[in-house]
Amino acid sequence: MKNNSIINFFASVKLALFLLFVLAVTSIIGTIIPQGKSADIYIKEFGEKTASLFQILDFTEMYSSWWFVTLLLLLCVNLIVCSLKRIPGALNITGDSNLEIDVDRLARRKDHKDLPTSLSNQEAGHKVAKALKGSGWKTREKQRNEGLLLFAQKGAWTRFGVYIVHSSILVIFVGAMIGNIYGYKGTMMIPETTTKGAIYSFDRQEEIELDFQILCKKFTLSRYPNGAPKEFISDLAVIEDGREVLTKTIEVNDPLHYKGHTFYQSSYRGLEKLLATIQNNQENIATKVLIDPGKEATWRESNVRFGVVNRAGTQEPGLFRYKVWFFDGSGQPQTFWITGGDTTTVKTENGSYTFGLKQFYATGLQVAKDPGVWTVYIGFFMMMGGLYVAFFLSHRRLWVLIKENGGTRVLISGNSNKNKSGFAQDFEETTRKVEKELQ
């Protein structure tokens, strides 16, 4: 790549460190200042002047602001230019035959060993190549004026570990952009026993139609002894083309995933109505009926009429008992008390019924779609692999010079770009195998 001041600027490590520092600092600001809230919330929490400053600096939508995106783009340019400038050098190192080296330097390396042998140059060269091959070294050789020179290397590709890391960052950025452009976040409130096929998008401030529907089969709320909500669970089903294709019971931190959408349990709302479940134990049929307190409801299939005529509190805050009248056309109407969420058996002259009653709820779901998430995952695994290569693997090289010097002598020399102590052990083991082969 052409060497000029502009390229040097965008390829500099100083620029990369500066951008990473600024991104880290601004990210801290983004975690302190709530993102994506209404102007009234910022005015109430920080005051009108500070809230106005936040709006001007885009601190309330920081991660999508023009200046934050610009910083990310500059970092991407820095990574690309830096990589393009340095990759040719790495290719030259890994692709070079290394047989034109100044042989006088070999004996000056820290890791070297001089071995005498009674073999001829060619025989010694053959034995050395065999020993190196047995240790995983593939050799090249060239006849030099000084003697026969052999070269072998391992892990030449590890010099590209840093560029794998650079590429992974770019892939992660691409995944984030895909998610930002084509993804969305929203909410949906679904009353029990009903379906909904649209979400309200936070970003677009409009409803987004889904190509499937979510059915809330049942919502369950449990409370602490003081009445505070303890746990809320939704039994959900995905309805597509009129068929139930997936069911899952979700709770906080255990969402439903379908077609790139993730449905999180986030809230609930108690409604005015009550939900009654009735099972005719003789005919083995059942139904669910929404009822208004004080009004009569009917289950026509079993000729059952019923209603809630009174409500009383319990020792548990938020939990009530209900007085129900029940009549299936036989004998006299019956009345009984039932605690919300419980079931009871109702026996009449003509049959037996299992009756349940509970508060009617709507489940609140947060919905997120991020089509770039798999791209981000790929970038993450690339980064882990690149970091492992860059920090734990090394490019190791060996030269062997076989020359006549009052008899045949074999000079073995080598180096490594990282992990010098590990290479020293590998070098000692290799030279022992070569020495054994030369005997």
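The values are calculated or read from the model by the stated rules, or taken from the named source; none is laboratory data. This one's a predicted model, so the numbers in the text were calculated from it and none came from an experiment. No Cβ is skipped: glycine too gets one built from the backbone with ideal geometry, and neighbour counts run over all protein chains shown. Ligands, DNA and RNA are excluded from the accessible area calculation, which covers all protein heavy atoms including side chains. Shrake-Rupley method; radii C 1.70, N 1.55, O 1.52, S 1.80 Å.
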Probe 1.4 Å, all protein chains present, accessible-area order of Phe54, Phe160, largest first: Phe160, Phe54
Charge dipole (the chain, unit charges on Cβ, about Cα centre) - positive-most of Tyr322, Leu170, Pro225: Leu170
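Helix hunt in the chain: which complete DSSP H runs extend at least 18 Å axially by C-alpha with mean Kyte-Doolittle at least 1.6?
Values: long enough: 13-32 (29 Å, 2.39); 66-95 (42 Å, 1.48); 121-134 (20 Å, -0.91); 161-182 (31 Å, 1.70); 373-392 (28 Å, 1.71); 420-438 (26 Å, -1.28).
Span-like helices here: 13-32, 161-182, 373-392.
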Computed label-point distance, nm, for sites Lys110 and Asn350 using a 7 Å Cα→Cβ extension: 9.8 nm
Efficiency of FRET between Ser267 and Asn4 - r from beta-carbon atoms, R0 51 angstrom, step 0.05: 0.30
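For Ala39 and Glu404, compute 0.36 nm times the residue count separating them, minus their Cα-Cα distance, and round to one decimal in nm.
Details: separation 365, 0.36 × 365 = 131.40 nm, distance 8.58 nm.
Once the chain is fully extended between Ala39 and Glu404, it gains 122.8 nm.
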Label-to-label distance, nm, for residues given as Phe381 and Gln122 (7 Å Cα→Cβ offset): 5.2 nm
Segment Asp292-Ser135, length gained on full extension (0.36 nm per residue, minus Cα span): 48.2 nm
Amide H contacts of Leu357 (H built 1.01 Å from N, under 5 Å, at least 5 apart or other chain): Thr277, Gly341, Asp342
Amide hydrogen neighbours beyond the local backbone of Lys418, cut-off 5 Å, H modeled: His395
Calculated Cα extents along the principal axes in Å (choose from (i) 83, 44, 43; (ii) 124, 61, 43; (iii) 75, 56, 49), label: (ii)
Accessible area of Val13 in the full protein assembly, 1.4 Å probe (Å², nearest 10): 90 Å²
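Carbon and sulfur together cover what percent of the accessible area of the stretch 1-93 at a 1.4 Å probe radius? Let's see the in-between values first.
Numbers: 4260 of 6000 Å².
Here carbon and sulfur together make up 71 percent of the probe-accessible area.
In Å², what does the accessible area per residue of the stretch 1-159 work out to with a 1.4 Å probe?
Working: 9840 Å² over 159 residues.
Dividing the accessible area of the stretch 1-159 by its residue count gives 62 Å².
Using unit Cβ charges (K, R positive; D, E negative) and no other charged atoms, how large, in debye to the nearest 20, is the dipole of the chain about its Cα centre?
On the way: 52 positive and 43 negative charges, 379 e Å.
Dipole size: approximately 1820 debye.
Could you tell me what percent of the accessible area of the stretch 316-414 is made up of carbon and sulfur, with a 1.4 Å probe and every protein chain present? If you can, show how the numbers build up before the last one.
Numbers: 2570 of 4700 Å².
After summing per-atom areas, the C and S share lands at 55 percent.
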Where the stretch 182-245 is the region considered: accessible area per residue in Å², 1.4 Å probe: 55 Å²
Residue among Ile7, Asn78, Ile402 farthest towards the positive dipole end of the chain, charges placed on Cβ: Ile402
The stretch 322-439: equivalent-ellipsoid semi-axes (sqrt of 5 x gyration tensor eigenvalues, Cα, Å): 90, 19, 11
Selected from Tyr377, Tyr63, Tyr224 as most flexible by GNM, with the chain as the system and alpha-carbon contacts under 10 Å: Tyr224
Stretch gain in nm, segment Ile56-Val245, where the contour uses 0.36 nm per residue and the Cα spacing is subtracted: 63.3 nm
Of Leu149, Leu72, Leu119, the one that fluctuates the most in a GNM where the chain has Cα springs shorter than 10 Å: Leu119
Cα pair distances in the stretch 178-313, grouped into 5 Å bins until the bin that holds the longest one, percent each: 2, 8, 15, 17, 17, 16, 12, 8, 4, 2, 1, 0
Most positive-pole-ward Cα, Phe391, Ala156, Leu99, against dipole of the chain from beta carbon charges: Leu99
Inter-centroid distance (Cα atoms) of the stretch 347-383 relative to the stretch 126-181, Å: 50 Å
Amide H contacts under 5 Å for Thr249, placed H, 5+ residues apart: Leu236
HN-Hα J in Hz across the stretch 326-335 - Karplus 6.51, -1.76, 1.60, θ = phi - 60°, x for Gly and Pro: 9, 8, 10, x, 10, x, 9, x, 10, 10
Cα pair count fraction exceeding 20 Å, expressed as % - the stretch 83-207: 68 percent
HN-Hα J in Hz across the stretch 143-152 - Karplus 6.51, -1.76, 1.60, θ = phi - 60°, x for Gly and Pro: 7, 10, 4, 6, x, 8, 10, 10, 9, 8
Accessible area of the stretch 134-290 belonging to carbon and sulfur atoms, whole % at 1.4 Å probe: 50 percent
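Hey, what number do you get for the chain at 222 nm if only DSSP H runs of n ≥ 4 count, each worth -39500 (n - 2.57), divided across all residues, to the nearest 500?
On the way: 9 runs with 149 residues, N = 439.
After summing the helix terms and dividing by the residues of the chain, the value is -11500 deg cm²/dmol.
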Virtual spin-label span in nm between Phe202 and Lys230, 7 Å along Cα→Cβ: 3.0 nm
